[in-house]
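Only one structure is covered here, and it is reproduced in the block below.
The values are calculated or read from the model by the stated rules, or taken from the named source; none is laboratory data. Only a predicted model underlies this, so the values are computations on that prediction, with no experimental measurement involved. Using ideal geometry, Cβ is built from the backbone for each residue, glycine included, and neighbour counts are taken over all protein chains shown. Just so you know, the surface numbers come from the protein's heavy atoms only, side chains and all, with ligands and any DNA or RNA stripped out. Shrake-Rupley method; radii C 1.70, N 1.55, O 1.52, S 1.80 Å.
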Amino acid sequence: MQTLEITKDIHWVGVLNATLRAFDVVFQPRFGTTYNSYLIRADKPAIIDCVHEKFAQEYLEKLRSLINLKDICYIVVNHTEMDHTGALSLLLQETPNAQILSTKTAALFLKNILHMDVKGKTVEDGECVSLGNKQLQFIHAPYWHWPDTMFTYLQEDRVLFPCDGFATHFCDERLFNDRVDDFTEDFRYYFEHVMGPFRKKILEAIEKIKGLDIRLIAPSHGPILRTDPWKYIHAYKDWSMVRKDPYKKLVLVFYASMYGNTKKMAEAVAKGAATVHTEVKLFDAASISPESVRCEMEAADGILIGSSTINGDALKPLWDIISVMFSVNVKLKKCATFGAYGWSGEATRLLEERLKGLKLTIVQPPIKVLLIPTEENLKRCSIFGYDFATSLTAAQ
Ligand code: FEO
């Protein structure tokens, strides 16, 4: 596929990567991805975003087929992650008259990506840069999903270039959202995995763009959103709102149990944690998908994790639950651990260490029970749960 004029004088010059099945190692696109870049043919031509290094030659050929690269006046770097800047140094070699437009943070990052002097101008939030017959407006949108990120709005054409925002890892050369196959699930997957930890920042940036007349969204990955673009903005807003009883703290209790002993402890802990000020959700980690509790994790005020110890370790379903936390905003959430064991009982300590590494706050020492819990042990578990719940409301 070559290039595509997506609206008058704006050309998609991106590349397709249909076979990609692991993005940033941890994300798993079902249908590959695209690296979208755009050429704006204006009095002062501009390029928006760039592509992965692997596709640099194909990308440059596409641009050369449309324009003399020496005529490019601006290269807008909305975000510096290397899937959008990998080919930038080669592009700069052919665009000697181009100035890079970016946020200050992006300019700092670029120094350590390009390792060369470049002509650059940092743009402020709301600043406009004229292309002669068209005008670019910049909207700072930090943490979509890096601290460097911004959106670019092309005023005359009412096109928003949000880079990773409203993007999808979904490769379909028909490109437009009204032409490609159904990508609903992939759009949501992308949001949850890439943007999910930054819901507060998502809402802040949506507040900034709500007054813009946006007719088309041209993201850096996947379908170009020309039909009902606001549907996608509203979806981000909807998914970013935390829904829970505003008058209660939410406590999640995850457990995995080999012989039912840690399960008994979990039930007692959950019972103790359920007070008039708290809502408690109890999960057997072995019978749920870690992905399915992402929203609960986001909304939770406190997380309790209980595991039996096996061969000096915690049980795998709990590591799987914790593995989701890196892409959820769990920083400073309160937590504690518990579990039954046979002779060594390392699980609680190992879980604590990992939770601390993820910057959760351990609020009380673990409770451990040797083999089968007695009634007295279960009373202690209930008090453990109550103390944990109390620590949540005490912080108010
Ligand atoms: Fe598509 Fe954050 O890079």
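If you take every residue apart from Lys331 with its C-beta less than 12 Å away from the C-beta of Lys331, what net charge results, scoring Lys and Arg +1 and Asp and Glu -1?
On the way: positive: Lys200, Lys333, Lys334, Lys356, Lys359; negative: Glu298.
Neighbourhood net charge equals +4.
Sort region 253-329 into rounded, prolate or oblate with this rule: let a ≥ b ≥ c be the square roots of the eigenvalues of the Cα gyration tensor; rounded if a/c is under 1.5, and if a/c is not under 1.5, prolate when a/b is larger than b/c, oblate otherwise. Display every interim value, and only then the final one.
Working: a/c = 2.15, a/b = 1.10, b/c = 1.95.
Since a/c reaches 1.5 but b/c is at least a/b, the shape of region 253-329 is classed as oblate.
Given the pairs Lys237/Lys271; Lys119/Lys356; Lys201/Lys248, which are separated by over 31 angstrom at their Cα positions?
Lys237/Lys271; Lys119/Lys356
Amide H to amide H under 5 Å from Ile6: which residues, 5+ apart in sequence or cross-chain, H placed 1.01 Å off N in plane?
Those qualifying (amide H under 5 Å, at least 5 residues apart or on another chain) are His11, Trp12.
Could I have the simple spin-label model distance between Ile310 and Leu370, label points 7 Å from Cα toward Cβ, reported in nm to one decimal?
Here the answer is 2.4 nm between the modelled labels.
From the backbone phi of region 375-387, what are the Karplus-calculated ³J(HN,Hα) couplings (6.51 cos²θ - 1.76 cosθ + 1.60, θ = phi - 60°) in whole Hz, Gly and Pro given as x?
For region 375-387, the Karplus-derived couplings read 4, 5, 4, 5, 4, 5, 5, 5, 5, 4, x, 5, 4 Hz, x marking Gly and Pro.
Applying 1/(1 + (r/R0)^6) with R0 = 56 Å to the Cβ-Cβ distance of Leu4 and Leu358, what FRET efficiency is obtained, to the nearest 0.05?
Efficiency, from the Cβ-Cβ distance: 0.85.
Using Cα positions and a limit of under 12 Å, work out the aspartates and glutamates in reach of Lys368, with same-chain residues fewer than 8 apart set aside.
The qualifying aspartates and glutamates are Glu346.
Which value, in debye to the nearest 20, gives the size of the charge dipole of the chain about its Cα centre, when Lys and Arg are +1 and Asp and Glu are -1 at the Cβ?
It works out to roughly 900 debye.
Ranking request for peptides 8-15, 34-41, 227-234: highest mean number of other beta-carbon atoms within 10 Å first, then the rest in descending order.
34-41, 8-15, 227-234
Name the shape class, rounded, prolate or oblate, that the alpha-carbon gyration tensor gives for region 52-122, where a ≥ b ≥ c are the square roots of its eigenvalues, rounded holds for a/c under 1.5, and otherwise prolate holds if a/b is larger than b/c and oblate otherwise.
It comes out oblate by the Cα gyration axes.
If you find the alpha carbon centre of region 248-322 and of region 190-208, how far apart are they in angstrom?
Spelled out, the Cα-based centre of one part sits 26 Å from the other.
Check Asn17: other-chain or 5+ apart residues with amide H under 5 Å from its amide H, H built from backbone geometry?
Thr33, Thr34, Tyr35
What shape does the chain take by its C-alpha gyration tensor, where a ≥ b ≥ c are the square roots of the eigenvalues and a/c under 1.5 counts as rounded, a/b above b/c as prolate, and the rest as oblate?
Details: a/c = 2.69, a/b = 2.42, b/c = 1.11.
In terms of gyration-tensor shape, prolate.
Once you put a point 7 Å from the Cα of Asp238 and another 7 Å from the Cα of Leu66, both along the Cβ direction, what distance in nm separates them?
Once both label points are built, they end up 3.3 nm from each other.
If you place +1 on the Cβ of every Lys and Arg, -1 on the Cβ of every Asp and Glu, and leave all else neutral, what size is the dipole of region 1-84 about its Cα centre, to the nearest 20 Debye?
On the way: 9 positive and 11 negative charges, 33 e Å.
I would put it at about 160 debye.
Among His115, Ser391, Leu136, which residue has its Cα positioned farthest towards the positive end of the charge dipole of the chain, with +1 placed on the Cβ of Lys and Arg, -1 on the Cβ of Asp and Glu, and the dipole taken about the Cα centre?
The residue sitting most towards the positive pole is Ser391.
For the chain, give the percent of accessible area contributed by carbon and sulfur heavy atoms, probe 1.4 Å, rounded to a whole number.
52 percent
Calculate, for region 249-390, the solvent-accessible area per residue in square angstrom, rolling a 1.4 angstrom probe over the heavy atoms of the protein chains.
Working: 6330 Å² over 142 residues.
Using a 1.4 Å probe on heavy atoms only, each residue of region 249-390 averages 45 Å².
Each residue of region 263-275 in order: what ³J(HN,Hα) in whole Hz does its phi give by Karplus 6.51 cos²θ - 1.76 cosθ + 1.60, θ = phi - 60°, with x for Gly and Pro?
After applying 6.51 cos²θ - 1.76 cosθ + 1.60, I find 4, 4, 4, 4, 5, 5, 4, 5, 4, x, 7, 7, 10 Hz.
Where only protein heavy atoms count, and the probe is 1.4 Å, what is the accessible area per residue for region 97-156 in Å²?
The answer is 45 Å² per residue.
Please tell me the relative contact order of the chain in percent, rounded to the nearest whole number, where contacts are Cα pairs under 8 Å and at least six residues apart.
11 percent
Suppose the chain between Thr184 and Gln155 were pulled fully straight at 0.36 nm per residue; how much longer would it get relative to their current alpha carbon spacing?
7.6 nm
Would you please give the residues with an amide H less than 5 Å from that of Met258, counting only those at least 5 places away or on a separate chain, with H modeled from the backbone geometry?
Here Ser308 satisfy the definition.
Please list 363-372, 176-185, 42-51, 267-276 highest first by mean number of surrounding beta-carbon atoms within 10 Å per residue.
Ranked from most to least packed, the peptides come out as 42-51, 267-276, 363-372, 176-185.
Counting pairs of alpha carbon atoms under 8 Å apart in space and at least six apart in sequence, what relative contact order in percent does region 264-396 give?
34 percent
So for the pair Arg174, Leu332, with labels modelled 7 Å out along Cα→Cβ, what separation do we get in nm?
Calculated label separation equals 4.7 nm.
Quote the FRET efficiency, to the nearest 0.05, computed for Arg349 versus Lys379 with a Förster distance R0 of 22 Å and r equal to the Cβ-Cβ distance. Don't jump to the answer; show the numbers that get you there.
Details: r = 23 Å, r/R0 = 1.07.
In this case the efficiency is close to 0.40.
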